[in-house]
Amino acid sequence: MNSYKRNRKSIRLQSYDYKQPGYYFITICTHKKCHIFGEIFNGHMILNHYGVVAKRNWLNTQNIRPNVKLGSFVIMPNHMHAVFQIVYAEINVGAYRDTPLPRGFKSPSNSVGAIVRGYKSTVTKQINQIRKTSVPKIWQRNYHEHIIRDQKSLNKITEYIEMNPRLWNKDRYYR
């Protein structure tokens with residue numbers, strides 16, 4: 001491990017358990033903020049094939065993680081915003097599924113970081129299969145998260161997400 005990674009400081013709230021029930025807002029940016037998921041046209045996001053992969057995999061999050069409920073989200077040309085809720089902290093796999101997990105399948109970890117890592121990994125793998133390469137990076141190294149603590153904040157963030165395509169030229173990720 002190089003000294004850069006070893007000395008890197010976490011941007012997460014040190015005393016907070018990111019597996020606990022609650023609402024979370026995340027922003028995940030593409031590597032070098034490259035526009036790979038589509039384009040904004042007349043205030044609407046038009047997803048390309050890679051954008052469809054990103055959207056489909058985000059929607060699948062609550063299928064593979066039964067304690068996660070998705071809220072508002074948007075795939076933008078070079079990032080995605082999403083609100084989700086961790087409904088309960090511990091998973092009793094058999095009690096919350098209509099169908100059993102395949103033999104040998106382990107239920108994924110359900111912290112915010114594990115949810116983001118799983119999503120980024122799956123999207124990267126699928127896009128690289130389409131590209132027939134594994135060289136280009138899809139995502140930047142980290143992500144932004146915000147713990148949503150009340151309904152007023154949830155409403156404000158939801159409105160921000162829904163308005164994001166219409167305000168694209170004012171967005172800090174626009175270039």
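The values are calculated or read from the model by the stated rules, or taken from the named source; none is laboratory data. Bear in mind the structure is a predicted one, so any value in this text is a computation, not a measurement. Cβ sites come from the backbone with ideal geometry, for glycine too, and all protein chains shown count toward neighbours.
A compact table of results
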{"item": "Complete set of residues in the stretch 111-137 that are touching a residue at least 12 places away in the same chain (Cβ under 8 Å) and under 13 Å from the mean Cα position of the chain (by Cα)", "result": "111, 112, 113, 115, 116, 118, 119, 120, 122, 123, 124"}
{"item": "Selection within the stretch 24-42 - surrounded by 15 or more Cβ atoms within 10 Å (Cβ to Cβ), among the hydrophobic types (A, V, I, L, M, F, W, C) and assigned to a strand (DSSP E or B)", "result": "25, 26, 28, 29, 40"}
{"item": "Close pairs from the stretch 40-63: first in contact (Cβ under 8 Å) with a residue 24 or more places away in the chain, partner basic (Lys, Arg) and exposed (fewer than 15 other Cβ atoms within 10 Å of the Cβ), Cβ under 7 Å, at least 6 apart", "result": "43/166"}
{"item": "Complete set of residues in the stretch 128-152 that are part of a helix (DSSP H, G or I) and at pLDDT below 95", "result": "128, 129, 130, 131"}
{"item": "Long-range neighbours under 6 Å by Cβ, at least six apart or interchain, first residue closer than 11 Å to residue 26 by Cβ within the stretch 146-163, second at pLDDT 95 or above and outside any strand (DSSP E or B)", "result": "148/154"}
{"item": "Residues of the stretch 62-90 satisfying the condition of being at pLDDT 95 or above and not in a strand (DSSP E or B)", "result": "76, 77, 78"}
